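All remarks here apply to the structure that follows.
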Amino acid sequence: GAFRLLFHGTSLHGMQSVDPARRTEPLSYYTRSGPIGQVFADLGDRLGGLPVGAVGLGTGSIACFRQPGQPWTFFEIDPAVERIARDPRYFTFLRDCAPDAEVVLGDARLSLRQASDAGFGVLVLDAYSSDAIPLHLITREALALYLAKLAPGGVLVFHISNRHLDLEPVLGRLAADAGLTALVRRDLDVPREERRLGTHPSEYLVMARDVAHLEPLVVDKRWAPARRDAPLWTDDFSSLLSVFRWL
């Protein structure tokens, strides 16, 4: 009775408090105290209000990290997700925090090609937490596309919380192949009281062209260099078995 949640199958794609005082507070994997909140808090000023892109809309939780006047674009493949996120009977993150945010419907790998080159200060990839991940969004060729759309000094943010797959070494290997710096934060030990208030364990990985672009995350002990002990995934090769979490 305290939250409204969006599930697709068994995967949680966002939640919102029904308490009006907490209506604009990102919850679940997107809290201000978690990795994604830290990225926007610590790197947001340096990126100076540059546009933000996000692959995967969910409930629109991260829209509440938007700076005043900052352009935001979400890339979402499922029209039903946008209808739910924009319906105030269910969720109000978009309405309350980024009412002018654009939602581009379609496969993100195709839609992003139409976006301006070097246009995004932050590009969030939040399409990997489901039971079945879109493999074409986590290959060498996909990363090259993301980098083409990233502004100088920009940051890629990957949400990699996943019950079944350990995607850290895949992304670490992709980053190494592209000459990027990659850091990961595993926010897994969430106190019971924070869980009760809507915080879920989460894992995020960030990439940048230069280690200096990830200050001050680099000196934060919660962030560590990403493992890279996985084969290089391309449009012609991937190996889910190599990153499966065997229970």
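The values are calculated or read from the model by the stated rules, or taken from the named source; none is laboratory data. If you're wondering where the values come from, they're calculated on a predicted model, not measured in any experiment. With ideal geometry, Cβ positions are generated from the backbone for all residues, glycine too; neighbour counts draw on all protein chains shown. The protein model used for the area step is the full one, side chains on, heavy atoms only, and it has no ligands, DNA or RNA in it. Shrake-Rupley method; radii C 1.70, N 1.55, O 1.52, S 1.80 Å.
Counting only residues that are outside any helix (DSSP H, G or I) and open to solvent by less than 10 Å² (accessible area, probe 1.4 Å), which one in the range 59-71 is farthest from GLY119 (Cα to Cα)?
This residue is THR59.
Conditions tested, residue by residue: (1) of a type in the set (A, V, I, L, M, F, W, C); (2) touching a helix residue (DSSP H, G or I) at 6+ places or on another chain (Cβ under 7 Å); (3) closer than 21 Å to VAL157 by Cα.
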{"site": "GLY53", "(1), (2), (3)": "no, no, yes"}
{"site": "ILE62", "(1), (2), (3)": "yes, yes, yes"}
{"site": "PHE75", "(1), (2), (3)": "yes, yes, yes"}
{"site": "ALA80", "(1), (2), (3)": "yes, no, no"}
{"site": "ILE84", "(1), (2), (3)": "yes, no, no"}
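Step by step: first the residues of the range 144-163, then only those that are among the aliphatic types (A, V, I, L, M), touching a helix residue (DSSP H, G or I) at 6+ places or on another chain (Cβ under 9 Å) and open to solvent by less than 20 Å² (accessible area, probe 1.4 Å), then the one that is modelled with the lowest pLDDT. Which residue is that?
Checked the range 144-163; the qualifying residue modelled with the lowest pLDDT is ILE160.
Hey, among the residues in the range 79-102 that are of a type outside the set (A, V, I, L, M, F, W, C) and exposed (fewer than 13 other Cβ atoms within 10 Å of the Cβ), which one's farthest from PHE7 (Cα to Cα)?
Applying the filter and picking the extreme gives ASP100.
Yes or no: LEU6 at pLDDT below 95 and open to solvent by less than 60 Å² (accessible area, probe 1.4 Å)?
no
Evaluate the following for GLY14: is it under 17 Å from the mean Cα position of the chain (by Cα), farther than 17 Å from VAL122 by Cα and not in a loop (DSSP other than H, G, I, E, B)?
Spelling it out, GLY14 is indeed under 17 Å from the mean Cα position of the chain (by Cα), farther than 17 Å from VAL122 by Cα and not in a loop (DSSP other than H, G, I, E, B).
Please note which strands (runs of 3 or more DSSP E) are completely contained in the range 139-226 and include at least 3 residues that are within 18 Å of the chain's Cα centre (by Cα) and closer than 22 Å to THR10 by Cβ.
Strands (runs of 3 or more DSSP E) meeting the threshold: 202-208.
Across the range 227-247, which residue is most open to solvent (accessible area, probe 1.4 Å) among those that are part of a loop (DSSP other than H, G, I, E, B) and hydroxyl-bearing (Ser, Thr, Tyr)?
SER238
Kindly indicate which of LEU105, LEU47 is at pLDDT below 95 and either out of contact with any Ser or Thr (no Cβ under 7 Å at 6 or more places or on another chain) or over 20 Å from LEU6 (Cα atoms) (or both).
One residue alone meets the criteria, LEU47.
Exactly one condition in (1) open to solvent by 20 Å² or more (accessible area, probe 1.4 Å); (2) at pLDDT below 95 is false for GLU25; which is it?
With (1) open to solvent by 20 Å² or more (accessible area, probe 1.4 Å); (2) at pLDDT below 95 applied to GLU25, the lone miss is (2).
May I ask you to say which residue of LEU112, LEU125, LEU137 is touching a His at 6+ places or on another chain (Cβ under 8 Å), open to solvent by less than 20 Å² (accessible area, probe 1.4 Å) and touching a residue at least 12 places away in the same chain (Cβ under 8 Å)?
Step by step, each of LEU112, LEU125, LEU137 is checked, and only LEU125 is touching a His at 6+ places or on another chain (Cβ under 8 Å), open to solvent by less than 20 Å² (accessible area, probe 1.4 Å) and touching a residue at least 12 places away in the same chain (Cβ under 8 Å).
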